[in-house]
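The values are calculated or read from the model by the stated rules, or taken from the named source; none is laboratory data. Model, not experiment: these values are computed from the prediction. Cβ placement follows ideal geometry from the backbone for every residue including glycine, while neighbour counts extend to all protein chains displayed.
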Amino acid sequence: MASLYNYRKKYYIAYHINGKRYTKSTQLDFVKANKAKAELAKSKIEKIEKENKLKIKYGSVVPKSKKNKVTLANAINDYLKTIRKTTSTGGQDNHSRTFLVVMRQFQEDIQPETDVTIISRSDISTFVKRKEIEISNASLQTYIRYLKGFFNYLVEEEIIDKSPIAKRVIPKSVTKPINTFLEEDIELILECAKQKSSEYFIIYKFLLLTGIRPGDIFEIRAGDFNFKSKIIRLRISKTKRSIDFPIYTELEKFLNEKIVGIVKMPSEEKVFKLYSVNRIGKTFRKILKELGLHNKRYNLKTFRKTFASSLADRGLSEGDLADLLGHSSTATTRAFYKSKNAGAIRSRIEALDK
């Protein structure tokens, strides 16, 4: 039988047709004065329900068969197969690894054997409220993006009818100041990396000079470098795009001095094939600890932030910066680097005085 309920201060009707649950808004405010009208709308729906049951009884409509139970654990494994990629070293890619971290946390609130069809908005809200206390807003937004992708997959596969993630349970995104390397700190970090291995130094310096995401550096092939046109073809895994990155003077000098063998390598050979994100990340954390910089919130992404912030301070336009970072729109760039434009604005103001 159909039922009335309150959703966002409106009368809604829940009902079943051919074995599937539906909801419908009456467009009536959830107040006592509208209850009679809401009941009338419900009775019309109930009439349709009864007609459907009669059709099923006499064979004119075949009832929808119930789906087999899909547990959260099984759904996670199935979704993982669709997103997992093999890295150059045979390990797990960063995207899959992060997804598993998120789902391990999610399963602290929702048991692995839970039928995914009964996971509700309340369950999502419980998880979000717990993580709000434990992690930063930026990390929580990442967790939610991964959950959205997972539940959208379940909808596409017709395992669930609707994603349980509602806008009202998602906290607003908070933009924090960009954390970049202090000049004296990055000099110490690069020098320490050089002492450990020239390859670590080269990788960290390349990240600093290009702003490329750490995971993407290990997909660069020798054929991506066109020294005649002074272009590097970079693949952006996050947006599934490729960009032409300019080999500017400082970068060209670095490449000529430190990675001289590129021109002799086969075009399909990966330039940094002996390393991985895990390996350079682990070494980077060791370097920070050795230098007493482990409390400064530096990580591999800080190379990218420092690269972008330096160019923004020097007055590079948002459009050019967005192109260099592989952002699909300048809105993304501005959201993160608008506060770093103060130096460029100050220079233009002082130029007006002159």
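Yes or no: the stretch 250-272 includes at least one residue that is closer than 25 Å to SER197 by Cβ and within 25 Å of the chain's Cα centre (by Cα).
Checked against the condition, which is being closer than 25 Å to SER197 by Cβ and within 25 Å of the chain's Cα centre (by Cα), the stretch 250-272 yields at least one hit.
With respect to ILE124, is the statement that it is at pLDDT 90 or above, aliphatic (A, V, I, L, M), crowded, with 17+ Cβ neighbours inside 10 Å and closer than 30 Å to LEU311 by Cβ true?
The answer is no for ILE124.
Would you say TYR298 is under 25 Å from the mean Cα position of the chain (by Cα) and either at pLDDT below 85 or not in a loop (DSSP other than H, G, I, E, B) (or both)?
no
Residue by residue through the stretch 273-295, note down the ones that are crowded, with 17+ Cβ neighbours inside 10 Å and either more than 25 Å from the chain's Cα centre (by Cα) or hydrophobic (A, V, I, L, M, F, W, C) (or both).
VAL277, ILE280, PHE284, ILE287, LEU288, LEU293
Tell me, yes or no, whether the stretch 324-344 has at least one residue that is modelled with pLDDT of 85 or more, at negative phi and surrounded by 18 or more Cβ atoms within 10 Å (Cβ to Cβ).
yes
Have a look at LYS194, LYS205, LYS167, LYS230 and point out the one that is touching a strand residue (DSSP E or B) at 6+ places or on another chain (Cβ under 7 Å) and not β-branched (Val, Ile, Thr).
So the residue among LYS194, LYS205, LYS167, LYS230 that is touching a strand residue (DSSP E or B) at 6+ places or on another chain (Cβ under 7 Å) and not β-branched (Val, Ile, Thr) is LYS230.
Filter the stretch 178-219 for residues that are within 23 Å of the chain's Cα centre (by Cα) and small (Gly, Ala, Ser); which is surrounded by the fewest Cβ atoms within 10 Å (Cβ to Cβ)?
Filtering the stretch 178-219 for residues that are within 23 Å of the chain's Cα centre (by Cα) and small (Gly, Ala, Ser), the one surrounded by the fewest Cβ atoms within 10 Å (Cβ to Cβ) comes out as GLY215.
Kindly provide the set of residues from the stretch 128-177 that are under 28 Å from ILE17 (Cα atoms), free of Cβ contacts under 8 Å to residues at least 40 places away in the same chain and under 16 Å from the mean Cα position of the chain (by Cα), ordered by number.
LYS148, PHE151, ASN152
Provide a single number: the residues in the stretch 117-164 that are outside any helix (DSSP H, G or I) and polar (S, T, N, Q). Reasoning before the result, please.
Here is the first cut: in the stretch 117-164, the residues outside any helix (DSSP H, G or I) are 119-120, 135-136, 157-164.
Then drop every residue that is not polar (S, T, N, Q), which leaves 120, 136, 163.
So the answer is 3.
Which of (1) part of a helix (DSSP H, G or I); (2) loosely packed, with under 12 Cβ neighbours inside 10 Å; (3) not small (Gly, Ala, Ser) does PRO266 not meet, given it meets every other one?
Of (1) part of a helix (DSSP H, G or I); (2) loosely packed, with under 12 Cβ neighbours inside 10 Å; (3) not small (Gly, Ala, Ser), only one is false for PRO266: (1).
Picking from LYS282, LYS253, which residue would you name as being over 21 Å from ALA222 (Cβ atoms), without any contact (Cβ under 8 Å) to a residue 24 or more places away in the chain and not in a loop (DSSP other than H, G, I, E, B)?
Matching residue, one of LYS282, LYS253: LYS282.
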